[in-house]
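The values are calculated or read from the model by the stated rules, or taken from the named source; none is laboratory data. If you're wondering where the values come from, they're calculated on a predicted model, not measured in any experiment. In this analysis, Cβ positions are derived from the backbone assuming ideal geometry, glycine residues included, and neighbour counts consider all displayed protein chains.
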Amino acid sequence: MGTGQRSVGHSVPGGSGALPWLVWFRRPGGERLRWLLAPSVGDLAFAVRSSLAAALSLLIAMWMELDSPQWAPLTVWVVAQSSRGESLSKARWRIAGTVAGCFAAIALVAAFPQASGLFFVSLALWIGLCCGFATFFDGYRSYGLLVASFTSTIVATGAIIQPDEVFDVAMSRGTYIILGIVCEATLAMLFMPGLQDKARARLLGRLEAVCASVSVGVTRLVDGRADPEADGRLLAELMAANGRIEFDVLEMAPQTPRLADHARAAIADLLMMLARARGVAASGRPAGVALERDFEAARVHVQACLEPVRGDRFRFRLRSRRHAVEAVQNGLRACAGIIGAWLVWEVTAWPAGVTFVSMVSLVYGLLATREVPLLASAPFFRGAVWCAVVAGVFAFLVIPAVTAPECLVLALLVPMTIGGLAARNTATAGYAFSFNMFLPVLIGPSNMGRFDEISFLNGASAFLAAVLFARLTFGIVLPFRADAHVRRTRVWTETRLRAVADLGSRVSAYQWLSDNADSMVRTVRTAQGVPREELIVAMRRHLEAMTLGMQVIAVRQAVQDGRVPAGFEARVRVFLRAWERAGDVGARPVARALLRGLERRGGAEPGLVGALAGIVGSGGSDLPFHSG
C-alpha cells in the first residue's frame with residue numbers, strides 16, 4: 001500500500017513522525033486513555049505536585065525514623081485537591097478531627113483497658129455519632145467529624161495490645177498527619193504562584209457566568225417556556241457556584257473578609273429572581289420592576305466582590321439544611337458496621353483482625369456521607385484491587401531490590417503520578433480515590449525492614465476484606481433508596497411549605513429558596529433508578545413549592561411588618577391559617593377572594609398583591625402537591 005493510501009482520512013497537522021500516535025487517539029480505546037497519555041497541563045501539574053508532596057512526606061518520615069511512615073503520604077492524598085482553597089479547608093478540618101479523634105481514643109482505651117466488648121461497643125457508638133452528625137454539615141466540616149471517627153479507631157486499635165502506649169501512638173499518628181499537610185501545602189505554594197489574583201478572577205468569572213445563565217432562564221420563564229429539567233440544571237449551577245465560594249475566598253484571605261458574604265448574597269438574589277420569574281409566569285401579570293430589582297441587587301454584590309471596600313461590615317449567613325433521616329441511618333449503619341467487624345475478628349481470631357477493623361472504620365469515614373455510599377463503594381473497591389496488585393509488585397520485586405529510601409520513593413513516583421492523573425479524570429476518579437491513599441499503606445515502607453510475603457498478604461487481604469465488608473453493609477443495613485428519598489423530600493417540602501405561613505416563623509425567603517434548591521439538586525443527583533416521568537413531576541412540584549413558599553413568606557412578612565392595608569389584616573391572617581391547615585390547595589380560594597378585595601380597594605403594596613396573584617395563578621399549572 002502506498003503512502004498516499006495510508007494517509008487517507010488520517011492526516012493530522014504537525015508532521016508525519018507523530019502521525020500513528022495522534023491517529024490512535026481518534027479510536028474509542030485511545031479516547032479512554034487520553035487522560036493518561038495526553039493529559040492537560042492542569043491535570044499533569046496536580047498529579048506531579050501531589051506525587052512529589054507524598055514522596056517528600058514519606059522521605060521525611062523515614063529520615064525521622066517514625067514507626068509507620070506510610071500514614072504521611074496517605075494524608076497528602078487525602079487533602080490534595082485541585083484548588084488551593086479546597087486543600088486549605090480540608091487540611092484545617094483534618095487537623096481538628098485528628099486532635100478530637102486522638103483524645104477520644106485515649107479516653108476509650110483508658111476507660112476499657114481490659115474489657116474488649118465494652119471497648120468496641122463504645123467505639124462503635126462514637127463512630128456512629130461522628131458519622132451521624134457529619135451528615136448535618138456541608139463542605140469539609142463534615143469531613144472533620146469523619147476524621148475524628150477513623151482516627152480514634154486507628155489510634156485505639158494500634159494501642160490495643162499495649163494500652164499503656166496509647167498516648168505515644170496518638171502523638172505519632174498526629175505527627176504523620178501534620179507532616180503530610182505541611183508537605184502538601186509547601187508543594188502547592190510552589191506550584192501555584194499568584195494564587196490570590198487567580199482565585200479572585202475565578203470567583204468573579206463564576207458569578208458572571210451564573211448571572212448570565214439566570215438572565216437567560218428568567219427570560220425563558222417569563223415568556224411561558226417553563227422546563228423543569230432546564231430549571232434543575234440552572235439550580236445545580238447556582239448551588240455549585242455557592243459551594244465553591246468558601247474555597248476561593250480561602251485562597252484570597254485575609255485581605256477580603258466580607259467577600260464570601262457578598263458572593264453568597266449575590267447567589268441568593270439570583271435564586272430569588274428565578275423563583276419570582278416563575279411566580280410572574282404563573283400569575284400571568286407583567287413582570288414589573290421586581291425582577292430588575294433582584295438582578296440589580298445581585299450585581300451590586302458582584303461589584304462589591306470586584307472592588308472590596310475597606311471596613312465593610314456586610315454579613316450574610318444561611319444555615320444549611322439538616323438531613324435528620326440520613327443522619328440517623330448513617331450513624332446506625334456505621335455503628336453496626338464496626339460492631340460487625342469486631343465480631344468477625346473475635347470469632348475468627350484473624351491475626352490481621354486489628355488491621356481489618358481499622359480499615360473498616362477508615363472506609364466508613366471516607367464513604368459514609370457520600371450521597372449514595374453503595375454506588376461510591378463500587379469504584380472504590382476496584383481501585384483497591386489495583387492498589388493491592390501494584391503494592392504486591394513493589395513488596396515482592398521493587399523493595400527487595402532497592403537499598404535506600406530515596407530509590408524507593410523514585411520508583412513510587414511512577415504509580416503515584418498515574419494515580420494523580422486518574423484522580424482528575426471523571427471516569428477513573430473513583431478508582432484513584434482508594435488507589436492513591438492506600439498504596440503506601442499496603443507497601444508498608446520502613447527503615448527497619450520490609451513486609452515478607454505473609455505480612456503483605458495479611459495486610460492486603462484485610463484491606464480488601466474491609467472494603468467488601470463496608471460495601472456489604474452499605475447494601476444491607478438501611479440502604480439508600482432513591483425512590484424513598486424522593487418521597488421523603490416531597491413530604492419535607494410540603495411540611496415546610498405549610499410552616500412558612502406561621503406568623504411566629506422567622507424563615508426568610510433567602511433561607512427557604514436556598515434550602516429547597518439544595519434539596520432538589522441533591523434529589524436529582526441521587527435519583528438513579530427513578531423513572532424519568534416520576535422525577536420530572538417531582539421536580540416540577542418542587543419548583544412550584546419554592547415559588548409558593550417565597551410568595552407566602554412575602555404575605556407573612558407584610559403582616560409581621562404592619563404593611564397590610566387597614567381592614568384587611570384579619571383576612572390575611574385567615575389566609576395564613578388556612579395555608580397552615582390545608583396547604584396551597586385549601587388556601588387558594590381564600591387567596592383568590594382576598595386578592596379581589598385588595599384590587600377593588602386599591603393602594604395595596606405591589607409586593608403583597610403580586611404574591612397573592614402568584615399564589616392564585618399557580619393553581620392551574622400543576623397537580624396538587626400531595627405529601628404521600
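Looking at the stretch 468-508, which of its residues are among the acidic types (Asp, Glu) and under 25 Å from the mean Cα position of the chain (by Cα)? Lay out the reasoning, then the answer.
Step one: of the stretch 468-508, the residues among the acidic types (Asp, Glu) are 483, 494, 502.
Within the stretch 468-508, 483 is the sole residue that qualifies.
Exactly one condition in (1) at pLDDT 90 or above; (2) surrounded by 21 or more Cβ atoms within 10 Å (Cβ to Cβ) is false for residue 592; which is it?
For residue 592, the exception is condition (2).
Identify, from the list 498, 490, the residue that is at pLDDT below 95, buried (at least 18 other Cβ atoms within 10 Å of the Cβ) and touching a Phe, Trp or Tyr at 6+ places or on another chain (Cβ under 9 Å). Show your work before the answer.
Details: 498 fails: at pLDDT below 95.
After applying the criteria, what remains is 490.
May I ask you to say which residue of 459, 430 is more than 21 Å from the chain's Cα centre (by Cα), part of a helix (DSSP H, G or I) and not charged (D, E, K, R)?
Going through 459, 430 in turn, just one is more than 21 Å from the chain's Cα centre (by Cα), part of a helix (DSSP H, G or I) and not charged (D, E, K, R): 459.
So the check is Cβ under 9 Å with 6+ separation or different chains; which pairs have a first residue in the stretch 428-449 that's touching a residue at least 12 places away in the same chain (Cβ under 8 Å) and at negative phi and a second one that's assigned to a loop (DSSP other than H, G, I, E, B) and among the aromatic types (Phe, Trp, Tyr)?
The qualifying pairs are 442/451; 443/451.
Only residues in the stretch 289-310 that are free of Cβ contacts under 8 Å to residues at least 40 places away in the same chain count as the first member; pair them with residues that are of a type in the set (Lys, Arg), Cβ under 9 angstrom, at least 6 apart or cross-chain, and list the lot.
Between residues of the stretch 289-310 that are free of Cβ contacts under 8 Å to residues at least 40 places away in the same chain and residues that are of a type in the set (Lys, Arg), the close pairs are 294/276; 301/264; 309/258.
Look at residue 219 and say whether it is part of a helix (DSSP H, G or I), out of contact with any Asp or Glu (no Cβ under 7 Å at 6 or more places or on another chain) and in contact (Cβ under 8 Å) with a residue 60 or more places away in the chain.
Spelling it out, it is not the case that residue 219 is part of a helix (DSSP H, G or I), out of contact with any Asp or Glu (no Cβ under 7 Å at 6 or more places or on another chain) and in contact (Cβ under 8 Å) with a residue 60 or more places away in the chain.
Among the residues of the stretch 330-354, how many are among the polar types (S, T, N, Q) and under 22 Å from residue 118 (Cβ atoms)?
Looking only at that region, the number is 1.
Scan the stretch 183-191 and tell me whether some residue there is touching a residue at least 60 places away in the same chain (Cβ under 8 Å) and touching an Asp or Glu at 6+ places or on another chain (Cβ under 6 Å).
No, there is no match, as no residue in the stretch 183-191 is touching a residue at least 60 places away in the same chain (Cβ under 8 Å) and touching an Asp or Glu at 6+ places or on another chain (Cβ under 6 Å).
How do the pairs read when you match residues in the stretch 544-571 that are outside any helix (DSSP H, G or I) with residues anywhere that are not hydrophobic (A, V, I, L, M, F, W, C), using Cβ under 6 Å and keeping only pairs 6 or more apart or on different chains?
Partner pairs satisfying both residue conditions: 563/605.
Output yes when any residue across the stretch 530-545 is within 16 Å of residue 236 (Cα to Cα), acidic (Asp, Glu) and surrounded by 19 or more Cβ atoms within 10 Å (Cβ to Cβ), and no when none is. Spell out how you get there, then give the answer.
Keep residues of the stretch 530-545 that are within 16 Å of residue 236 (Cα to Cα), which gives 535-536, 538-540, 542-543.
Subset that is acidic (Asp, Glu): none.
No, the conditions are met nowhere in the stretch 530-545.
Please state which one of 245, 267 is closer than 16 Å to residue 211 by Cβ, among the β-branched types (Val, Ile, Thr) and crowded, with 23+ Cβ neighbours inside 10 Å. Give the derivation first.
Numbers: 245 fails: crowded, with 23+ Cβ neighbours inside 10 Å.
Exactly one of 245, 267 is closer than 16 Å to residue 211 by Cβ, among the β-branched types (Val, Ile, Thr) and crowded, with 23+ Cβ neighbours inside 10 Å, namely 267.
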